[in-house]
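Once you've had a glance at the structure underneath, I'll fire off some questions.
Rule-based calculations on the coordinates, nothing more; no lab input. Keep in mind that what you see is a predicted model, and the values were worked out from it rather than measured. All Cβ positions, glycine included, derive from the backbone under ideal geometry; neighbour counts span all protein chains shown.
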Amino acid sequence: MDFISILSIFVLACFVGYYVVWSVTPALHTPLMAVTNAISSVIIVGALIAAAEAGSPIAKWLGLAGVVLASINIFGGFAVTERMLAMYKKKEKK
Amino acid sequence: MYRLLLAAPFLALAAPAHAATGEAVNPWVALAYLVAGVFFILALRGLSSPSTSRTGNRFGIIGMLIAVVTTLVTHDIANIAEIGIAIFLGGIIGFTIARRIAMTAMPELVAGFHSLVGLAAVLVGWAAYLNPGAFGLLVDGGISPVSKVEMGLGIAIGAITFSGSVIAFAKLSGRMSGSPILLPARHVINLGTLAAILVLTALFAMAGPSETMPLIVALTVLAFLIGFLLIIPIGGADMPVVVSMLNSYSGWAAAAMGFTLGNTAMIITGALVGSSGAILSYIMCRAMNRSFISVIAGGFGADASAGGGEAKEQRPYKQGSAADAAFMLEQAEKVIIIPGYGMAVAQAQHALREMADLLEEKGVEVKYAIHPVAGRMPGHMNVLLAEASVPYENVFELEDINSEFAQADVAFIIGANDVVNPAAKTDKSSPIYGMPVFDVDKAKQVFFIKRSMGGVGYAGVDNDVFYMDQTMMLLSDAKKMVEEIVKALD
């Protein structure tokens, strides 16, 4: 594992995150938290690998449990964000 | 946008190096995870304006789809049925929660979701520990010390996120008292536990393969414990910071797992979410003029409530009725409404919008002013107003509207208190001194909807606005009062 190249991705992504998040309008801070919640469930990738591979039955079940938890978050997080964002409306032109 | 375009090539350059794992990784796989990461960046970028936000959310969904499909097609899956059931089960639960949840309950929902990310990180960390071969972590029959450090930290951060979020959820949803619970010598206990976790991580990394089990068990248990201990002393008023902070932790947990598994999508996302939560915590602390450390140390509002019981002189105030308020609102040219957590509790946002509609029909200009810490999480009030179909152009942030109070005929305060307290500007001994507040004292007339004169804000300080000449107290349940005003306006 090349630790330094992984670290450089991480550091650069932190900077990208810093600038992107400061540009988020305060009115959307609640949807921001909901959607970051959903995307941090990309951890499902790790759970899927654990669930898929043979070798350790305990690891498999831990993985499957992880898949369930992360799926709740992914589906719930994106759906609730969508629901919130749909409510933000412009003034109706009369 | 251009900043992203600048950063993307750097990320792309860094990506192929990730292929240098134990087993040869297909560069296309690494590329797919990178693309997923970029979609997640675009998802957050979309939130810079309500008009682009829904596209952003779709980008997030696409990114997630890419990450999941990539994982599934690149691994030999022995039990696709079980995995399908797991995803389906989680999906149904998630969808149902998302559809049913009331907008006022958003803070506890987010806290609950954070706890799931934390627990998932712990599970993945443990799975990687038990079956390192599956993740390509086996080097000479064992896990390398670097991987073990990443694994240990990932499990620890995940566990802290989990137990901390569970407490935050319990406090926000009223299953547990919102007031701070102060253990004696809690700072010593907390710092000691944190130090123990770091020492255990180091021991775990250096231990031989046969000795690691008790260390990682102890590490996990201690991390669950510290998450619990960290959040119980923090009171209800500081919950916006806590929720943001746990948001940040859930990101760092995902990033730590990304380091362990060498997965770019997880690292990019973890970094994004981690910085997002950190920035939100910073914004919340700044809006309360408190340092992050003092919020984390906890106990705010615990002693102030005791002090409030002392015999205070009864100061005279004016009380009005809904009819009085309706009459004056009709005469006004400009009304600024300041909603707070009390509005959310009373579910008064729909009635409020009706009132604003009626006033606008009569030619009154109505604006909404939102303080960054109004409510129990960042942006909470904005969502509630959006739910009541208040157009977002009428909703303003503190610094954008504060100068307009001098021209406003009416400042209409509903369920807010500390955010309009002038003591924050003048009284150096006040616990909220230095917090930016709305200059409602400059408005010609102030209406203050409040349940009774007894309760004071979370900070437990008296508010001079109650006793000003131009203030009229409307003592009632927020929703009932607004509904009565609506009736009187009709």
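Please compute the length gained on full extension between residue B:318 and residue B:228, using 0.36 nm multiplied by the number of residues separating them and subtracting their Cα-Cα distance.
Contour length minus Cα-Cα distance gives 27.9 nm.
Let me ask something else. In whole Hz, with x marking every Gly and Pro, tabulate ³J(HN,Hα) for the stretch B:143-155 from phi via Karplus 6.51 cos²θ - 1.76 cosθ + 1.60, θ = phi - 60°.
8, 5, x, 4, 4, 5, 4, 4, 4, x, 5, x, 4
Related question: Sequence neighbours fewer than 8 away in the same chain don't count; with that in mind, list the lysines whose C-alpha is under 17 Å from residue A:60.
none
Further question: If the only charges are +1 at each Lys and Arg Cβ and -1 at each Asp and Glu Cβ, what is the size of the charge dipole of the stretch B:322-489 around the Cα centre, to the nearest 20 debye?
In debye, rounded to 20, the stretch B:322-489 gives about 460.
Name the long-range amide H neighbours of residue A:2: under 5 Å, sequence gap of 5 or more, or other chain; modelled H, no Pro or chain starts.
Amide H neighbours of residue A:2: B:20.
Within the protein assembly as shown, what percent of beta bridges assigned by DSSP are antiparallel, to the nearest 5?
Rounded to the nearest five, the antiparallel share is 10 percent.
Under a straight-distance cross-link criterion of Cα-Cα below 16 Å, which aspartates and glutamates are reachable from residue A:91, leaving out those fewer than 8 residues away in the same chain?
Output for residue A:91: B:354, B:357, B:360, B:361, B:365, B:387, B:393.
What whole-number distance in Å separates the alpha-carbon centres of the stretch B:239-260 and the stretch A:77-93?
Rounded to whole Å, the Cα centres lie 25 Å apart.
Give B:367/B:479; B:334/B:428; A:90/B:479; B:318/B:480; A:90/B:362 a once-over and call out the pairs whose C-alpha atoms are over 23 Å from each other.
The pairs that break the limit, which is 23 Å between Cα atoms, are B:334/B:428; A:90/B:479.
Calculate, for residue A:92 and residue B:453, the FRET efficiency according to 1/(1 + (r/R0)^6) with r their C-beta to C-beta distance and R0 45 Å; round to the nearest 0.05.
0.70
On to the next question. Before rounding to the nearest 500, sum -39500 (n - 2.57) across all DSSP H runs of length at least 4 in the protein assembly as shown and divide by the residue total; then give [θ] at 222 nm in deg cm²/dmol.
Only helices count here, giving -20500 deg cm²/dmol.
Cut-off under 16 Å on the C-alpha distance; same-chain residues fewer than 8 positions from residue B:442 excluded. Which aspartates and glutamates are left, in chain and number order?
B:333, B:399, B:400, B:404, B:409, B:464, B:469
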